[in-house]
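Bear in mind these aren't lab numbers, they're just calculated from the coordinates by the rules spelled out. Source: prediction; values computed, not measured. Don't worry about glycine lacking a Cβ; one is built from the backbone with ideal geometry, like all the others, and counts go over all protein chains shown.
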Amino acid sequence: MNSILKIVAQRLALGIFTLFVISLVIFLGVEALPGDLAEAVLGRSALPETVAAFRRELRLDLPMHIRYIEWLTAFVQGDLGNSLANGREISELIGVRLANTLFLALFAASIAVPVAVGLGILAALYRETWFDKSISMVTLSTISVPEFFIGYIMIAFLAVQTNIFPSISNITWEMPFFDRLYASALPAITLTFVVMAHMMRMTRAAIVNLLMSPYIEMATLKGLPRWRVILMHAFPNALSPIINVIIINLAFLVVGVVVVEVVFVYPGLGQLLVDSVSSRDLPVVQASCLIFAATYVLLNLTADILSIVTNPRMLHPK
Amino acid sequence: MIDLTPKSERLLTMKGLCIQGRTGETWIDIVKGVDVHLNRGEVLGLIGESGAGKSTIGLAAMGFARPGCRIVGGELDFDGINLRTASPRQLQKLHGKRIAYVAQSAAASFNPAFRLINQFAESPVQHGVSSYDQAVEDGKQLFQTLNLPDPENFGFRYPHQVSGGQLQRAMTAMAMSCKPDLIIFDEPTTALDVTTQIEVLAAIKHIVKRFNTAAIYVTHDLAVVSQMADRIMVLRHGELVEENTTREMIEAPQKEYTRDLLSTRTYRKAPISLEESEKPILEVKNLNAFYSDFHVLKDINLRVLPATTMAVVGESGSGKSTLARCITGLLPPKTGTIEFEGDTLPSSYKNRDKEQLRRIQMIYQMPDTALNPRQRISEIIGRPLTFYLGLTGAERDKRIAELLELIELPTDFANRIPSELSGGQKQRICIARALAANPDLIICDEVTSALDELVSEEILKLLQRLQDELKVSYLFITHDLATVKAISDEIIVMLQGEIVEQGRRDTVLTPPFHEYTDLLLSSVPEMDPDWLDNLLEKRQQTSER
């Protein structure tokens with residue numbers, strides 16, 4: 001067990017270091033944007049004294065590295081600063097949005113992951129049949145189409161023509177749970193289509209890859225039914241690559257939702273990011289980017305740890 | 001319940017069995033009309049070199065053909081069931097329950113993700129033979145019968161937690177889990193050390209006799225099969241060469257090919273006079289090496305004389321390959337020195353100069369993986385010529401042709417790629433590549449282990465001829481005592497990272513033996529059907545005394 005803890009600690013340290021580098025990149029990226037923030041906020045007609053005072057207030061007159069350290073120190077303490085647009089605390093602003101985004105991601109994942117893994121196993125079981133080929137074709141077509149297009153098709157069919165689901169997913173936390181699910185059904189389905197193909201094909205490939213191994217031949221020659229060979233003997237050993245691709249797709253569900261949120265006017269973090277970029281609310285942009293990055297790093301870390309933990313050699317040392 | 005079936009009852013009949021295998025787009029015959037029959041409780045040995053179709057026939061007895069193979073002709077009858085027309089479902093009911101399979105590599109054939117006992121219990125539970133709890137109890141009984149350590153808890157380990165020999169016995173137990181009528185043993189001891197092989201052979205023999213199970217024992221080793229089988233079929237290129245009872249086969253083989261198989265291992269290098277005073281080409285002094293904290297080599301001292309062969313013999317894990325890694329500088333030792341013609345070599349290959357690197361070359365166990373499959377033979381042999389000797393153009397081509405002649409291959413092989421060559425030919429290319437550098441010492445790491453016996457004999461003869469002509473020294477690492485007897489001048493016996501005995505061939509291999517050398521020597525199967533029984537009896541007596 002100790003060796004596992006050691007590896008986890010190593011990965012964790014590496015993750016934190018990655019985040020540190022990312023924070024630097026984000027900060028420098030925002031710095032590199034053209035134009036002066038104070039002038040942008042106060043407008044062209046502002047007097048130079050006003051601009052200077054405003055810069056002092058925002059501490060923009062300090063050298064870059066000092067501002068970076070101040071920003072990062074405050075950030076790790078949970079103080080994300082204030083929005084420039086409306087002066088509200090960013091943590092408060094982002095908190096609700098992040099919760100909404102995570103809700104949508106979880107909703108989509110709870111449909112996509114079981115369906116994708118299930119279809120992947122079925123495709124491996126009936127490989128090279130019409131079933132396998134048609135699944136492969138359908139899922140491939142869904143990832144070949146841009147996600148906003150799928151979104152609009154969903155709206156066209158399921159909202160406009162048949163009126164089953166609302167086309168705008170305006171949810172609040174006051175709404176009952178099932179109303180929230182209902183309201184966010186269309187973006188969730190759209191996201192499911194986007195991420196499913198990848199996971200399903202990986203599940204199939206990982207299992208098919210193992211079918212040539214001697215222990216699968218052994219299981220077959222023990223007279224086990226085909227489904228049992230696949231489910232009990234191939235699948236557990238294929239877990240590591242499958243977990244990896246699932247987690248990457250989960251990360252995409254959180255980080256890559258910007259377009260889908262905009263299409264369905266879903267009040268998530270992606271929407272906030274887009275709004276903040278257009279209103280030049282740079283502290284909010286920085287904070288959202290860092291949260292996206294942290295999600296990505298954290299989920300990848302989980303994937304690493306899970307694939308180590310599902311390895312019997314690590315779990316049960318000699 | 002009393003078993004009323006007579007012992008001589010016919011269990012399996014295969015007539016005119018034809019099996020094809022696919023290479024690329026075409027199907028070629030790999031088994032060409034072989035008849036096999038087997039009675040209840042009888043053990044049949046199938047023997048032949050690689051490509052003889054023996055494993056394929058073994059699997060066909062289960063009505064099974066590997067992917068890329070298909071059964072195209074013949075009758076297949078198992079106890080009244082036609083295996084060729086049986087539905088997949090019918091076959092499924094036979095597999096594991098009435099016909100079981102024991103594979104060559106137990107390490108690869110156990111699912112790494114499950115405890116042994118759960119894999120053992122799977123067949124009986126799935127076939128409805130017994131409940132899980134009952135199966136677990138049966139398993140413990142069988143583990144006990146097969147002499148596995150701590151049979152109560154043995155099954156609760158994972159495959160990677162037990163040794164190779166134990167795993168092979170566990171697989172035999174797994175095959176026995178439903179008390180089948182027939183077990184196919186597919187080279188079950190080929191991957192094991194000789195001392196471990198004995199345990200597994202004894203266990204298999206015991207359990208097959210005890211449950212009166214019929215068995216087909218597939219192997220390339222005639223000595224092994226003569227311990228196990230009542231009757232032997234010799235196969236070659238998918239056809240039967242001859243068939244006879246074991247005793248008659250060993251005593252009076254009818255066919256030339258069988259005689260060849262029987263007479264391998266007779267090659268002996270002529271003894272040479274060793275001058276102790278002569279300056280050694282390689283001298284290792286007080287060498288200690290570690291893999292992180294694990295002490296793999298303990299205080300190794302050895303000296304190799306010019307134009308001689310030093311055999312390093314030991315079982316897996318004895319550190320013999322690590323010794324090669326130290327000498328070549330791949331694994332810098334912790335302490336100790338390696339001297340080459342009196343000069344101390346830098347411990348890491350990174351610090352050795354080109355000339356030092358050139359003079360020590362290696363040949364590996366697996367010619368398949370030691371040759372780049374995308375390179376032509378001319379590139380494979382030519383690279384060391386350019387790298388070490390600076391040969392290019394016509395000079396290089398000329399030398400490549402000379403080297404190919406030296407290893408007794410046609411010079412037009414230069415344009416081929418490795419996949420167009422047989423295993424023995426590939427190993428010859430590896431030898432040519434080592435020779436290209438004009439080395440003074442070649443380290444041969446199990447160079448004949450992956451080859452058929454007749455082929456490996458040819459390789460040994462070639463290596464000897466090269467030594468006589470080129471005065472090159474060999475450090476010959478092997479686990480195979482027959483090879484040691486054939487080619488060595490001096491011998492080092494290794495056990496758990498230490499040298500337990502070293503000396504000239506005749507000293508080491510004539511009595512009185514060192515205790516461990518004796519164990520190794522006595523564990524090598526002999527072409528005598530009574531050898532195993534006698535040996536076990538003798539060991540039993542010694543341990544009782």
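Data overview
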item	result
Per-pair calculated FRET efficiency, R0 = 51 Å: A:Val115 and A:Asp79 via Cβ, rounded to 0.05	0.80
FRET E, pair B:Ala270, B:Glu515, Förster distance 30 Å, beta-carbon r, rounded to 0.05	0.55
Computed Kirkwood radius, in angstrom, where 1/r is averaged over Cα pairs of the range B:1-134	16.8 Å
Per-q log10 I(q)/I(0), the range A:181-318, q = 0.12, 0.14, 0.18, 0.21 Å⁻¹ (Debye; single scatterer per alpha-carbon; no solvent)	-0.66, -0.79, -1.04, -1.21
Nearest 10 degrees, 0 to 90: helix A:2-31 Cα axis against chain A principal axis	40 degrees
Binned Cα-Cα distances of the range B:282-510, short to long, each 5 Å bin given as a whole percent	1, 7, 15, 18, 20, 16, 12, 7, 3, 1, 0
Using θ = phi - 60° and Karplus 6.51 cos²θ - 1.76 cosθ + 1.60, couplings along the range B:164-169 (whole Hz; Gly, Pro as x)	x, x, 5, 5, 5, 5
Binned Cα-Cα distance frequencies in the range A:170-257 - 5 Å width, integer %	3, 13, 17, 14, 13, 11, 10, 8, 6, 4, 2, 0
Alpha-carbon centroid distance for the pair the range A:131-161 / the range A:94-115, whole angstrom	20 Å
Neighbour-count order for A:Leu299, A:Leu253, fewest beta carbons within 10 angstrom listed first	A:Leu299, A:Leu253
Potential lengthening between B:Arg465 and B:Asn438 on full extension [0.36 nm per residue; Cα-Cα distance subtracted]	8.2 nm
Percent of Cα pairs exceeding the 39 Å cut-off, where the set is the protein assembly as shown	57 percent
Candidate aspartates and glutamates for bridging to B:Lys32, where Cα separation is under 17 Å - those fewer than 8 sequence places away on the same chain excluded	B:Glu49, B:Glu75, B:Glu239, B:Glu242, B:Glu243
Over 29 Å [Cα-Cα, the range B:244-399], rounded percent	43 percent
Radius ratio Rg over Rh of the range A:113-154, counting only Cα atoms, Kirkwood formula for Rh	1.07
Computed lengthening from B:Thr507 to B:Asn212, 0.36 nm per intervening residue step minus Cα-Cα distance	101.7 nm
All lysines inside 17 Å of A:Lys133 as judged from Cα atoms, apart from same-chain residues fewer than 8 positions distant	none
At 1.567 mPa s and 4 °C, Stokes diffusion of the range A:145-185 via Kirkwood alpha-carbon radius, µm² per second	119 µm²/s
Cα centroid separation - the range B:151-186 against the range A:219-277, whole Å	38 Å
Per-selection Kirkwood Rh - chain A (Cα, Å, 1 d.p.)	22.6 Å
Relative compactness, the range B:79-161, computed as alpha-carbon Rg over 2.2 N^0.38 Å	1.23
Shielding of B:90-102 by partner chains, average beta-carbon count, 10 Å	3
Inter-probe distance in nm under a simple model that places probes 7 Å from Cα toward Cβ, at B:Ser50 and B:Lys398	3.7 nm
Mean Cα-pair separation over length for the range B:282-510, i.e. relative contact order, pairs under 8 Å, 6 or more apart, %	30 percent
Over the range B:282-346, relative contact order from alpha-carbon pairs under 8 Å, at least 6 apart, %	43 percent
Average silhouette area of chain B, convex hull of alpha-carbon atoms, in square nanometres	28.3 nm²
Quotient of C-alpha Rg and 2.2 N^0.38 Å, computed over the range A:54-124	1.86
Spacing of the two label points (7 Å from each Cα toward its C-beta) at A:Phe148 and B:Lys179, in nm	7.3 nm
For the range A:97-270, diffusion coefficient by Stokes-Einstein and Kirkwood Rh (Cα), 20 °C, 1.002 mPa s, µm²/s	124 µm²/s
10 Å Cβ neighbours from other chains, averaged over peptide A:223-232	4
Principal-axis tilt of helix B:116-126 within chain B, Cα atoms, nearest 10 degrees	30 degrees
Cut-off 19 Å, label 7 Å out along Cα→Cβ of A:Leu24, residues of the range A:49-93 by amide N	A:63-76
Computed FRET value (nearest 0.05) for A:Glu174 with A:Leu106, which takes r as the C-beta separation and R₀ as 25 Å	0.85
Relative contact order for chain A, counting Cα pairs under 8 Å that sit 6 or more residues apart, in percent	26 percent
Ranked list, fewest to most other Cβ atoms within 10 Å of each Cβ, for B:Glu283, B:Glu405	B:Glu405, B:Glu283
Computed Kirkwood radius, in angstrom, where 1/r is averaged over Cα pairs of the range B:345-464	14.7 Å
Reachable aspartates and glutamates from B:Lys179, criterion Cα separation under 18 angstrom, eight or more residues apart if same chain	B:Asp3, B:Glu9, B:Glu42, B:Asp79, B:Glu122, B:Asp133, B:Glu137, B:Asp138
Ranked list, fewest to most other Cβ atoms within 10 Å of each Cβ, for B:His95, B:His206	B:His206, B:His95
Cα-projected label distance for B:Gln496 with B:Asp293, points at 7 Å along beta-carbon direction, nm	1.8 nm
